[in-house]
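Heads up, the thing below is written out as structure tokens.
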Amino acid sequence: WTVRGLWAQSVGQKPAAIRCFAEAALRDPNQRIAQYQLGQLLSEANQRKDGEKFAERAVRLQRLAALMSEVSLNSTNTEAMREASDVLEQLGRYWEAFGWCGLILTIDPSQQATRTRMQALHQRLHPELPLTDPKLNPAHELNVSTFPLPTWPKSNPSLKPIVSEEVSQSIRFVDRTAEMGIDFTYFNSDDPSTEGTRMYEFAGGGVGVLDYDRDGYPDLYLTQGCPWPPTQESATHQDKLFRNLGDGRFVDVTTQSGLGDGWFSQGVAVGDYDSDGYPDLYIANIGKNRLYRNRGDGTFEDATLEANLTGTEWTTSCLLADLDGDNNPDLYDVNYLKGDDLFDRLCLIGGKLRTCVPGVFDSERDRLHVNSGQGPFREITGEQATFLEPARAGLGIVAADIQRIGRLDLFVANDVVANAFLINESSPQSGGLAMRENALLSGLAFDRDGRAQACMGVAADDVDGNGLLDFFVTNYYEESDALYLQKTPGIFEESARTTGLYQDSYRLLGFGTQFLDADLDGWVDLVVANGHLDDFTYMNIPHRMPPQLF
């Protein structure tokens, strides 16, 4: 039934897809694909309350899978086992919830709360109780018969992929970096004497393109790392600004421009936060971020203190855009992880010390700073910031008017947890910035199968030419990259399999990515930069990986 549902969905028979996925959910209420797809399809069909029930179950199934991964890495992790038991109870899987309590007590008999809970669960068990309590299966509340079965083609259809398999002979790139005067290598403070890659070493830096002197030629800002630990601002490793001379050459003007952040920089955002007509720079750092104001005379000044930006988290990406519609660009910090041993800890993987998976650390909460245009920024907190919860290990961000109503929405790519899709509901009546999380029901939270991925880089463009913005997201090794096609405003379908991207990206690990029309045929092409976090070649996993052009 799930396969039938996926087929019906792919050919536009959405009511039939609902029927098929519902039939699958009736037979197996723990089938994650059916639950996730029903959440989106029912919401799109104006049955939002029904859709929310399936989406909520899909989230719990995804969380359970993540907890099982944690237990597989540490078989004595009783905290993960306890949460797994809680999630299983919420799913109506009382037999398993009871079993996990028993395993916890085998490891640690002193956990009296677990013993009490186990006794309460035992009261629910009886020989006729199935693996999953039917009362907690939302498919039983759905009138399946109101949805049609698929209409099958009379003959075998010839499925046409959206992308051509032909290799263009007209696309050829030439490395002219040195010739154009751009001399730069990112420094991640790798320690050759230490086995394994520490967490801060993997991300690399960002690139900002801006015409800082308004001469009509785009200039380049490249962020840089610094010696670890960053106890003081580095004088030897600094961000760089390269001015475009307009004749095919760039020149380093970092010192003359007053720039050169010497902390451990990650991403960068470009925007005119003070609305004076000149592009400013916002730098994401491990530690305190930095805001540079463009004076308009070819130089910048550090406006971080003046703007009241005090955060010290690990910010991987950042955004400078007007989110509340008052014509004053605001700041969004995409934050990653936190923990006392975050930057020192290595994990034993396959018998060797290597970089840890992010799940062993706590996620860091994002920050949003509102610009009133009349002084310091104001951080959104409390009830107004509920859309920033929970903390979610972010790596990439895009702002776009997805709803097509003149307000910027946000897509945030997160690592091994659900992505965020923040719908902008700001208005004069809302009294300021108002956003609502909608990734689950929009189809952007997980991959097609309802699984959270290690989402990293994000590219945005109209891939299929329907006038709606689509998102491409790079992911981890043996996950495949994801392509979210926006079929109707605000509703996306993850389409890596149907567009030829799944197989070619499955055994690679993607980082940076960008859409561009490389052959100038009017259709966007795609560039992906790949490479692994650490050296796992002893496990027959490639380390250095080639970039790709689609």
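Cα centroids of region 16-93 and region 492-550: how far apart, whole angstrom?
Cα centroid of region 16-93 versus Cα centroid of region 492-550: 29 Å apart.
Which whole-number percentage describes the relative contact order of region 1-90, with Cα contacts under 8 Å and a sequence gap of 6 or more?
17 percent
Helix-only estimate, please: 222 nm mean residue ellipticity of the chain, summing -39500 (n - 2.57) across DSSP H runs of length 4 or more and dividing by its residues, to the nearest 500.
On the way: 10 runs with 113 residues, N = 550.
Only helices count here, giving -6500 deg cm²/dmol.
What residues qualify as long-range amide H neighbours of Ser495, i.e. H under 5 Å apart, gap of 5 or more or another chain, H built at 1.01 Å from N?
HN-HN under 5 Å from Ser495: Leu483, Tyr484, Leu485.
Straight-line reach only, C-alpha to C-alpha below 14 angstrom: list the aspartates and glutamates that Lys487 could link to, leaving out same-chain residues fewer than 8 apart.
The reachable aspartates and glutamates, counting only those whose Cα sits under 14 Å from Lys487, are Glu44, Asp461, Asp462, Asp464, Asp470.
Among Thr185, Thr114, rank each residue by its count of other Cβ atoms within 10 Å, from fewest to most, as a rough exposure measure.
In increasing order of surrounding Cβ atoms, one gets Thr185, Thr114.
Amide H neighbours of Leu516 under 5 Å, counting only residues 5+ apart in sequence or on other chains, H built in-plane at 1.01 Å?
Amide H neighbours of Leu516: Asp525, Leu526, Val527.
Using the Karplus curve 6.51 cos²θ - 1.76 cosθ + 1.60 with θ = phi - 60°, what ³J(HN,Hα) values do you get for each residue of region 17-31, in whole Hz, with x for Gly and Pro?
5, 4, 4, 5, 5, 5, 4, 5, 5, 5, 7, 9, x, 10, 7
To the nearest 20 debye, what is the magnitude of the charge dipole of the chain about its Cα centre, counting +1 on the Cβ of each Lys and Arg and -1 on the Cβ of each Asp and Glu?
The calculated dipole for the chain is roughly 2360 debye.
Residue farthest toward the positive end of the dipole of the chain, with Cβ of Lys/Arg at +1 and Asp/Glu at -1: which of Gly5, Leu291, His126?
My answer, from the dipole projection, is His126.
Along region 250-255, what does the Karplus equation 6.51 cos²θ - 1.76 cosθ + 1.60 (θ = phi - 60°) give for ³J(HN,Hα), rounded to whole Hz, x for Gly and Pro?
10, 9, 6, 10, 4, 5
Taking the beta-carbon count within 10 Å as an exposure proxy, list His237, His122, His369 from fewest neighbours to most.
By the 10 Å Cβ count, ascending: His122, His237, His369.
Can you tell me the dipole magnitude for region 397-550 around its Cα centre, using point charges on the Cβ only (Lys, Arg +1; Asp, Glu -1), in Debye to the nearest 20?
Working: 9 positive and 23 negative charges, 76 e Å.
About 360 debye.
Pick out, from Gly216, Tyr282, Thr236, the residue whose Cα sits farthest towards the positive end of the charge dipole of the chain, with +1 on the Cβ of Lys and Arg and -1 on the Cβ of Asp and Glu.
Of the candidates, Tyr282 comes out farthest on the positive side.
Report, in whole Å, the centroid distance computed from the Cα atoms of region 396-414 and region 295-314.
Answer, in whole Å: 25.
How would you rank 131-143, 378-390, 254-266, highest first, on the average number of other Cβ atoms within 10 Å across their residues? Can you show the working numbers first?
Details: 131-143: 15.4, 378-390: 13.8, 254-266: 20.2.
Listed from highest to lowest mean packing, they are 254-266, 131-143, 378-390.
Among Thr78, Asn137, Asn46, which residue has its Cα positioned farthest towards the positive end of the charge dipole of region 2-146, with +1 placed on the Cβ of Lys and Arg, -1 on the Cβ of Asp and Glu, and the dipole taken about the Cα centre?
Checking the options against the dipole of region 2-146, the answer is Asn46.
For Lys49, which aspartates and glutamates qualify as cross-link partners when the Cα separation must be under 18 Å and same-chain residues fewer than eight apart are set aside?
Glu141, Glu437
For each cysteine in the chain, check whether another cysteine's C-beta sits under 4.7 Å from its C-beta; list those where none does.
For the chain, the answer is Cys20, Cys101, Cys226, Cys318, Cys455, because their Cβ atoms have no other cysteine Cβ under 4.7 Å.
Every read-out reported here was derived from the displayed coordinates using simple, explicitly stated rules and does not represent laboratory data. Note that the structure is a prediction, hence the values are computed from the model and not measured. Methodologically, a virtual Cβ is constructed for each residue, glycine included, from the backbone with ideal geometry; neighbour enumeration extends over all protein chains shown.
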